[in-house]
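Read-outs: derived from the displayed coordinates by stated rules, not from any lab. Since this is a predicted model, take the numbers as computed values, not measurements. Here the Cβ positions follow ideal geometry from the backbone for every residue, glycine too, while neighbour counts run over all protein chains shown.
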Amino acid sequence: MAESFDVKLEDTEYTPDSSYLKESWIGDYQTAYQRFLDDPDAFWADIAGELEWFRPWDRVKDWKHPYAQWFVNGKLNITHNCLDRHVTSANRNKVALIWRGEEEGDERVITYRQLYRAVLRFGNALKKLGVKKGDTICLYMPLVPEQVIAILACARIGAIHSIVYGGFGASALNARIRDAKAKIVITADVGNRRGKRVPLKSIVDEAVVNAPSVERIIVLRRTKPQLELYSEMELDFHEIMENVEPVCEPEVMDAEDPLFILYTSGTTGPPKGIVHTCGGYMVGTYYTTKYVFDVKEHDVLWCTADPGWITGHSYIVYGPLAAGATVLITESVLDYPDPGVWWRIIEDFGVTIFYTAPTAIRMFMKFGDEWPSRYKLDSLRIIGSVGEPLNPEAFEWYYRLIGKSTCPVIDTWWQTETGMVMVTTLVGDTMKPGFAGKPIPGVVTDVVDKEGNPVPPKIGGLLVIKEPWPAMMRTVYNNDERYREYWNTINTYYTAGDLAVKDEDGYIMVLGRADDIIIVAGHNLGTAEVESALVSHEAVAEAAVIGKPDVVKGQAVKAFVILKLGYTASEKLKSDLTYHVRMSLGPIAMPSEIDFVPSLPKTRSGKIMRRVLKAQEMGIDPGDISTLEE
Ligand code: PRX
């Protein structure tokens with residue numbers, strides 16, 4: 001990786017109508033940022049003070065690099081702020097969740113009060129099964145209200161949830177269940193996807209083999225006739241809610257007690273279990289929902305992610321509910337039954353804040369302008385993007401076709417590890433296509449070289465975060481050493497692992513990962529995971545995987561495979577390997593190309609040089625190859 005490099009920047013700008021800024025919660029960027037700089041702890045205390053605590057904190061933070069504690073000795077329960085706070089106010093009957101299935105007309109609308117009651121019952125049901133504060137529960141569910149109920153019920157009783165995206169395969173699920181030693185797995189019989197049924201429960205059956213920590217499997221049964229439950233280990237989601245007390249007092253959590261583990265891909269080895277805690281995460285997600293997404297009383301927020309990713313944790317569940325917003329969720333994918341379905345949903349439900357991923361935007365561009373043009377999108381007020389760089393072409397399309405050249409586009413940069421949005425262009429500020437924007441008030445970032453020296457504008461470098469923030473991860477589960485690496489690689493900064501460049505105004509353009517993480521359609525994949533899935537096939541001796549630029553997905557997986565003696569390359573074997581990866585890791589990890597090769601470029605110490613493969617593939621200079629073996 002080059003230490004710093006020149007980058008050509010574009011200079012288009014758009015400034016939304018001044019009413020956006022005037023009416024925004026955050027107000028002027030400079031003023032808000034200065035308020036933070038003047039007294040960082042007071043800044044965060046003010047925000048935390050908008051929420052309810054069972055016991056106030058003694059100190060806003062204790063920072064002993066690289067370990068932070070936020071809201072020290074503060075006691076809370078995040079569900080008290082997401083539910084009780086609203087059901088004891090005029091918001092009691094406000095809609096918390098709108099769910100839309102894949103079929104037109106398949107809808108459920110749930111008020112705060114209804115959600116509250118369901119969460120309390122499910123919390124009691126979990127307690128009755130012996131779940132205690134600190135136990136880990138794995139969720140592997142479709143995007144239905146019961147998923148949100150289960151998430152909040154865990155938080156209610158102090159159990160740590162580990163949500164695994166329903167698109168992952170059995171071996172990925174197994175690895176996550178085992179690492180977190182999950183006591184219970186909550187799933188559904190099926191998820192719906194493009195008119196087909198994904199057999200989630202069968203995948204769980206496969207995944208719990210060799211997972212001795214699992215005591216029970218709770219199944220949401222959606223189909224008729226009902227899926228049969230075979231053993232005492234298996235329980236029905238709704239039945240266990242029946243004979244329990246309706247009242248479930250929130251567990252009193254310390255601000256630093258863990259709230260959840262969420263696995264994200266690592267460059268090497270197995271996925272990392274990112275640990276977030278109750279207090280800081282609550283404050284960070286609440287703050288960004290209110291002050292970055294600028295959520296107001298009548299907004300309908302639609303974040304198209306799944307709760308299986310951090311985006312869903314923070315901006316479907318915790319942030320919006322803490323802020324008392326109305327949240328739309330749907331099982332609907334963007335092009336089924338036709339590429340107009342998401343625009344129809346916006347029109348039908350009057351969505352005002354829409355938050356999606358660049359890969360989705362690029363898919364829509366491919367489908368053509370006629371699709372969004374058929375629908376009334378004038379309810380939209382703010383549109384956002386997350387997950388990978390929003391390239392200027394996609395920005396322009398999104399801004400004009402969806403935002404009608406009036407909605408602010410918030411391109412938000414953040415990570416599973418950061419828990420909350422870190423860099424963006426605040427609502428009302430001047431937007432620069434291609435640039436995410438500036439660090440939000442409360443966050444201190446920079447672009448630096450390998451030694452940690454800031455690089456001048458227009459010179460690329462590494463994106464770092466210089467100061468702790470409330471929603472930062474606290475450790476990597478079972479691997480604190482890996483946690484420390486984040487803070488010890490460049491100076492004393494948090495190294496995000498992304499390449500970036502700033503312009504003269506301090507706007508940051510994120511260029512992509514600096515390591516071996518591939519971002520396919522906004523989903524983070526480690527080369528190591530895909531390689532080990534390939535190598536687990538009987539025909540494969542060795543494998544190397546790279547991300548190859550893809551106009552729609554951002555990156556696609558390309559695999560180079562050395563076959564074992566006795567196996568011959570064939571198209572059939574290619575599709576077998578693709579299927580094998582799909583079954584173990586899920587569809588997102590599927591290679592779009594496989595090359596059979598006699599050898600792989602390696603360093604003398606035996607490490608595969610993916611950079612060389614990538615350069616070869618793209619016809620560019622591989623850079624320094626002095627460590628290459630041959
Ligand atoms: O490379 C950056 C990219 O996604 C990575 C984080 O992935 P994950 O932990 O899965 O979280 C994704 C959702 C928060 C980052 O290191 N990324 C995320 N947002 C952006 C982005 N790259 C460019 N621009 C963004 N807005």
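Send over the Kirkwood Rh of segment 517-618, from the inverse of the averaged 1/r over different Cα pairs, rounded to one decimal Å.
Values: mean 1/r = 0.0733 Å⁻¹.
With all distinct Cα pairs of segment 517-618 included, I get 13.6 Å.
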> To the nearest µm²/s, what D does Stokes-Einstein give for segment 45-102 at 37 °C and 0.692 mPa s, using the Kirkwood radius over alpha carbon pairs as Rh?
Replying inline: 239 µm²/s
> Using modelled amide H (1.01 Å from N, peptide plane; none on Pro or chain starts), what sits under 5 Å from the amide H of Leu259, excluding residues fewer than 5 places away?
Replying inline: His276, Thr277, Cys278
> Over the C-alpha atoms of segment 53-185, what are the Rg and the largest Cα-to-Cα span, Dmax, in Å?
Replying inline: 17.3, 53
>> Residue by residue through segment 238-253, what is 3J(HN,Hα) from phi via Karplus (6.51 cos²θ - 1.76 cosθ + 1.60, θ = phi - 60°)? Round to whole Hz and write x for glycine and proline.
In response: 7, 4, 5, 8, 6, 9, 10, 5, x, 9, 9, 4, x, 5, 7, 9
> So for Val551, Val444, fewest C-beta neighbours within 10 Å to most, what's the order?
Replying inline: Val551, Val444
> Scaled to the compact-protein estimate 2.2 N^0.38 Å, what is the alpha-carbon radius of gyration of segment 178-218, rounded to two decimal places?
Replying inline: 1.28
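Which order do the peptides 277-288, 330-341, 521-532 come out in when sorted by mean C-beta neighbours inside 10 angstrom, highest first? Walk me through the intermediate numbers first.
Values: 277-288: 28.7, 330-341: 17.2, 521-532: 22.5.
Most protected by this proxy first, the peptides run 277-288, 521-532, 330-341.
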>> If I stretch the segment between Ala541 and Ser575 completely, what's the gain in nm (0.36 nm per residue apart, minus their alpha carbon distance), one decimal?
In response: 10.5 nm
> Using alpha-carbon positions, what is the distance between the centroids of segment 125-146 and segment 316-350, in Å?
Replying inline: 24 Å
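Relative contact order of segment 103-251: what whole-number percent is it, with Cα pairs under 8 angstrom and at least 6 residues apart?
Values: 241 pairs, mean separation 39.8, N = 149.
About 27 percent, as a whole number.
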>> Under 5 Å between amide hydrogens, which residues at least 5 positions from Thr330 or on another chain qualify, with H placed 1.01 Å from N in the peptide plane?
In response: Arg100
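Per the Cauchy relation, a quarter of the hull surface: what is the mean projected area of the convex hull of the alpha carbons in the chain, in nm²?
Details: hull surface 110.6 nm².
Approximately 27.6 nm², given one-decimal rounding.
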> Arranged by the count of other C-beta atoms within 10 angstrom, fewest first, what order do Glu23, Glu451, Glu396, Glu146 take?
Replying inline: Glu451, Glu23, Glu396, Glu146
>> Can you work out the Karplus-derived ³J(HN,Hα) for every residue in segment 71-81? Use 6.51 cos²θ - 1.76 cosθ + 1.60 with θ = phi - 60°, whole Hz, and x for glycine or proline.
In response: 6, 4, 6, x, 10, 6, 9, 4, 6, 4, 7
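About the Cα centre of segment 517-618, what is the dipole size in debye to 20, counting +1 per Lys and Arg Cβ and -1 per Asp and Glu Cβ, all else neutral? If you can, show how the numbers build up before the last one.
On the way: 13 positive and 10 negative charges, 69 e Å.
Dipole magnitude for segment 517-618 comes out near 340 debye.
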> In whole Å, what three semi-axes, largest first, describe the equivalent ellipsoid of segment 283-440 built from its Cα gyration tensor (square root of 5 times each eigenvalue)?
Replying inline: 22, 18, 15
> In a Debye calculation with equal point scatterers on the alpha-carbon sites of segment 85-140 and no solvent, what is log10 I(q)/I(0) at q = 0.12, 0.17, 0.23, 0.30 Å⁻¹?
Replying inline: -0.44, -0.76, -0.93, -1.06
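Can you pick out the pairs among Lys458/Lys553; Lys502/Lys607; Lys548/Lys572; Lys366/Lys558; Lys366/Lys548; Lys366/Lys458 whose Cα atoms lie more than 28 Å from each other?
Values: Lys458/Lys553 26 Å; Lys502/Lys607 33 Å; Lys548/Lys572 23 Å; Lys366/Lys558 22 Å; Lys366/Lys548 19 Å; Lys366/Lys458 31 Å.
Check vs 28 Å cut-off fails for Lys502/Lys607; Lys366/Lys458.
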> Near the amide H of Gly191, under 5 Å away, which other amide H atoms are found, from residues 5 or more places off or on another chain, if H is placed in the peptide plane?
Replying inline: Val198, Leu200
> For segment 365-427, what is the largest minus smallest coordinate of the Cα atoms on each principal axis, given in angstrom and ordered from greatest to least?
Replying inline: 39, 24, 17
> What is the dipole size for segment 248-400, taken about its Cα centre, with +1 at each Lys and Arg Cβ and -1 at each Asp and Glu Cβ, in debye to the nearest 20?
Replying inline: 380 debye
> Based on the Cβ-Cβ distance from Thr568 to Lys366, what FRET efficiency comes out when R0 is 51 Å, to the nearest 0.05?
Replying inline: 0.90
>> Quick check for you: which residues of segment 449-480 have the amide N under 16 Å from the point 7 Å beyond the Cα of Asp515 toward its beta carbon?
In response: 450, 462-465, 473-480
> Lys/Arg Cβ at +1, Asp/Glu Cβ at -1, dipole of segment 413-566 taken about the Cα centre: which of Ile518, Ser536, Val552 is farthest positive-ward?
Replying inline: Val552
> Whole-Hz Karplus ³J(HN,Hα) for segment 144-150, in order, using 6.51 cos²θ - 1.76 cosθ + 1.60 and θ = phi - 60°, x for Gly and Pro?
Replying inline: 10, x, 4, 5, 5, 4, 5
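Compute the convex hull volume of the Cα atoms of segment 244-363, divide it by the residue count, and report the result per residue in Å³ as a whole number. Mind dumping the intermediate values first?
Values: hull volume 21.8 nm³, N = 120.
Hull volume over Cα atoms, normalised by residue count, gives 181 Å³.
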>> As I understand it, the dipole of segment 103-251 uses +1 on the Cβ of Lys and Arg and -1 on the Cβ of Asp and Glu, about the Cα centre. Which of Val131, Tyr230, Ala188 lies farthest toward its positive end?
In response: Val131
> What is the dipole size for segment 103-251, taken about its Cα centre, with +1 at each Lys and Arg Cβ and -1 at each Asp and Glu Cβ, in debye to the nearest 20?
Replying inline: 320 debye
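Taking the DSSP beta bridges in segment 103-251 as the whole, what percent of them are antiparallel, to the nearest 5? The partial results should precede the final answer.
Numbers: 3 of 19 bridges.
Around 15 percent antiparallel, to the nearest 5.
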>> With n ≥ 4 as the cut-off for DSSP H runs, can you work out [θ] at 222 nm for the chain, using -39500 (n - 2.57) per run divided by the number of residues, rounded to the nearest 500?
In response: -7500 deg cm²/dmol
> Which listed residue (Asn77, Thr31, Val60) has the Cα farthest towards the positive end of the charge dipole for the chain, taking +1 on Lys and Arg C-beta and -1 on Asp and Glu C-beta about the Cα centre?
Replying inline: Asn77
> Could you state the number of Å between the C-alpha centres of segment 75-108 and segment 557-608?
Replying inline: 45 Å
